[in-house]
Amino acid sequence: MTLYSCCLILLLFTWNTAAYGPNQRAQKKGDIILGGLFPIHFGVAAKDQDLKSRPESVECIRYNFRGFRWLQAMIFAIEEINNSPNLLPNMTLGYRIFDTCNTVSKALEATLSFVAQNKIDSLNLDEFCNCSEHIPSTIAVVGATGSGVSTAVANLLGLFYIPQVSYASSSRLLSNKNQFKSFLRTIPNDEHQATAMADIIEYFRWNWVGTIAADDDYGRPGIEKFREEAEERDICIDFSELISQYSDEEEIQQVVGVIQNSTARVIVVFSSGPDLEPLIKEIVRRNITGKIWLASEAWASSSLIAMPEFFRVIGSTIGFALKAGQIPGFREFLQKVHPKKSTNNGFAKEFWEETFNCYLPDGSKNSPAPASFHKAHEEGLGAGNGTAAFRPPCTGDENITSVETPYMDYTHLRISYNVYLAVYSIAHALQDIYTCTPGKGLFTNGSCADIKKVEAWQVLKHLRHLNFTSNMGEQVDFDEFGDLVGNYSIINWHLSPEDGSVVFEEVGHYNVYAKKGERLFINENKILWSGFSKEVPFSNCSRDCLPGTRKGIIEGEPTCCFECVDCPDGEYSDET
């Protein structure tokens, strides 16, 4: 390789990392580096790139407090491991964590920096330069959140066999190891969730439903699996619609019109919160009530949807939630966050500004604009309207425990625990390399990898053979598809009598290990329909035919829709 080629690669890498300035990442040095991808924002601002000048990176908008908590779970787990005398002793884990802004483009921008560093390391450029500030390769990546984002990231990381352990991407497509070679996850795939949805509909004897799915690699496969399960149970689907957070107003209006005119009361939704939000806002505006919403895990507890002002139209929501985990000491860790103390976390500044509705002036050119800038984007204002004048300056003495945000909601640690488990999975894979005995290793002739020169593909090999006990006493081992099998809690949305907030009441569970027909348990006494009623709503195309009548086929209608006709002379029926 020529010196020119090496310099070109280094130049490209320098450009790539420069695009992600210090305040746009959380980064800490270590002997071994883990990458992280988290949605610190819900999306990006629409921007017309007319290419009359150099294109600028799109602006991330709408702060995601839960996303920041998930990021904190990764940092907490790494610090806990670094302080452990038993796990990876005499070694330090570092991290490089980026904001995906819930979009494929931003996630790939970050992933490129992981891949670029690994490629530079593989070229062994030490003879050409003095790399005193050398950053070790990223040997594994924790993330991403949405299945669509993870799919794009997995395609890129898989080319270099860099292990990716997702904490929230549940699309069943990601179980395809021919396509996604280095993808693993600490969340169950949607195969069981779609089956459980059909089981719930069958349990309540409904047979007339509508379906809505996000138009991505999460929504489409999930709803396709549900349709297969529904067909097996003679459940009829009145309508099927696709949505996106980027759908234009006309598309949203069309979908809402279909919902409003449908006689199906039950609506099955496979979507994330951001993708569903525009639809729910329009349904609230039109005041379409009386529907029963069956929610997939990705939005069943979304802070964007579970809002008191939406409750009158979605108060009958029944959804799926992951099993909650315990992270001792995490609550105290969350309370310690502070922009001046969290020096390795470039996201802490914006978190502080969003939490206390103030701004922290620091004179840095690279510092993120105040949230008023993001607010200006949301309301269609120009960037010039977003000035610090919208907010008072922060004092730095604000009390994090004095405000209520999703960040401090640690009552049910579901995704946060999955992040924690993902980090520990990688750490235990590294521990297996660290303690490997020559002759008993996983590589050629029983050889072991060198922990001091460990490469990503070697970590992937050990992850595939991983088996350890979690802090909750459960065995963690990925199956042949890189999945962990898990159970679901079933929740029902209630309105809190204390403060009027939406709370998630556990009303049952779904055990994927049980025999077919015994997996679903529901406590009907705990369910409130529309927030107050105990009577199970009716969602069938036709009422049962009374004794003396029989079902009559209606031309062109699904089998669930029929008319009741009198029995012919000489025949009778004595049951419904």
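The values are calculated or read from the model by the stated rules, or taken from the named source; none is laboratory data. Owing to the predicted nature of the structure, the values given are computational and were not obtained by experimental measurement. All Cβ positions, even for glycine, are placed from backbone atoms using ideal geometry, and neighbour counts span all protein chains on display. To get the accessible areas, we keep the full protein, side chains included, count just its heavy atoms, and leave off ligands, DNA and RNA. Shrake-Rupley method; radii C 1.70, N 1.55, O 1.52, S 1.80 Å.
At pLDDT below 95, in the same structural domain as Phe356 (by the TED database) and not in a helix (DSSP H, G or I): is that true of Asn118 in this structure? Working first, answer last.
Working: at pLDDT below 95: yes; in the same structural domain as Phe356 (by the TED database): yes; not in a helix (DSSP H, G or I): no.
No, not satisfied.
Does the range 176-201 hold any residues that are under 22 Å from Ser489 (Cβ atoms) and part of a loop (DSSP other than H, G, I, E, B), and which are they?
Residues satisfying the conditions are Thr186, Ile187, Pro188, Asn189.
Within the range 79-91, which residues are open to solvent by 20 Å² or more (accessible area, probe 1.4 Å) and outside any loop (DSSP other than H, G, I, E, B)? Please lay out each step first, then the result.
Going residue by residue through the range 79-91, those that are open to solvent by 20 Å² or more (accessible area, probe 1.4 Å) are 79-80, 82-86, 89-91.
Glu79, Glu80, Asn82, listed by residue number.
Considering only residues that are touching a helix residue (DSSP H, G or I) at 6+ places or on another chain (Cβ under 9 Å) and open to solvent by 10 Å² or more (accessible area, probe 1.4 Å), look in the range 258-273 and name the one that is nearest to Asn102 (Cα to Cα).
Here is the first cut: in the range 258-273, the ones touching a helix residue (DSSP H, G or I) at 6+ places or on another chain (Cβ under 9 Å) are 259-260, 266-273.
Narrowing the set further to residues that are open to solvent by 10 Å² or more (accessible area, probe 1.4 Å) leaves 260, 272.
Values: Gln260: 30, Ser272: 10 Å.
Result: Ser272.
Residues checked against (1) part of a loop (DSSP other than H, G, I, E, B); (2) farther than 30 Å from Asp248 by Cβ; (3) of a type in the set (Ser, Thr, Tyr):
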| residue | (1), (2), (3) |
| --- | --- |
| Ile33 | no, yes, no |
| Phe42 | no, no, no |
| Glu56 | yes, no, no |
| Ile61 | no, no, no |
| Met74 | no, yes, no |
| Ala77 | no, yes, no |
| Arg96 | no, yes, no |
| Asn102 | yes, no, no |
| Ser105 | no, no, yes |
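Can you name the residue in the range 503-517 that is open to solvent by 20 Å² or more (accessible area, probe 1.4 Å) and touching a strand residue (DSSP E or B) at 6+ places or on another chain (Cβ under 9 Å) and, of all such residues, is farthest from Ala295 (Cα to Cα)? Let's see the steps before the verdict.
We begin by selecting, within the range 503-517, every residue open to solvent by 20 Å² or more (accessible area, probe 1.4 Å); these are 503-506, 509, 511, 513-517.
Imposing the further condition that a residue be touching a strand residue (DSSP E or B) at 6+ places or on another chain (Cβ under 9 Å) reduces the set to 503-506, 509, 511, 514.
On the way: Val503: 15, Phe504: 12, Glu505: 14, Glu506: 14, His509: 14, Asn511: 18, Ala514: 22 Å.
Selected residue: Ala514.
Inspect the range 503-524 for any residue being more than 19 Å from Tyr203 (Cβ to Cβ), part of a strand (DSSP E or B) and of a type outside the set (Asp, Glu) and give the result as yes or no.
yes
List every residue pair whose Cβ atoms sit under 7 Å apart, with the two residues 6 or more apart in sequence or on different chains, where the first one lies in the range 256-270 and is free of Cβ contacts under 8 Å to residues at least 40 places away in the same chain and the second, anywhere, is in a helix (DSSP H, G or I) and open to solvent by less than 10 Å² (accessible area, probe 1.4 Å).
Pairs that qualify, where the first residue is free of Cβ contacts under 8 Å to residues at least 40 places away in the same chain and the partner is in a helix (DSSP H, G or I) and open to solvent by less than 10 Å² (accessible area, probe 1.4 Å), are Val256/Leu279; Val256/Ile283.
Filter the range 202-251 for residues that are open to solvent by less than 30 Å² (accessible area, probe 1.4 Å), under 17 Å from Leu279 (Cα atoms) and assigned to a helix (DSSP H, G or I) and give the result.
Result: Gly219, single match.
When the residues of the range 347-368 are narrowed to those that are at pLDDT below 90 and polar (S, T, N, Q), which ends up nearest to Val403 (Cα to Cα)?
Ser367
Does at least one position in the range 24-41 carry a residue that is at pLDDT below 90 and open to solvent by 40 Å² or more (accessible area, probe 1.4 Å)?
Yes, the range 24-41 contains at least one residue that is at pLDDT below 90 and open to solvent by 40 Å² or more (accessible area, probe 1.4 Å).
Give Asp450, Asp477, Asp397 a once-over and let me know the one that is surrounded by fewer than 18 Cβ atoms within 10 Å (Cβ to Cβ), within 20 Å of Met91 (Cα to Cα) and free of Cβ contacts under 8 Å to residues at least 24 places away in the same chain.
Values: Asp477 fails: within 20 Å of Met91 (Cα to Cα); Asp397 fails: within 20 Å of Met91 (Cα to Cα).
Within the list Asp450, Asp477, Asp397, the selection yields Asp450.
Just for the range 432-491: of the residues that are under 30 Å from Asn523 (Cα atoms) and outside any loop (DSSP other than H, G, I, E, B), which one is modelled with the lowest pLDDT?
Checking each candidate, the answer is Gln475.
If Gly556 satisfies every condition in (1) surrounded by 11 or more Cβ atoms within 10 Å (Cβ to Cβ); (2) closer than 24 Å to Ser262 by Cα; (3) at pLDDT below 80 but one, which is the exception?
(1)
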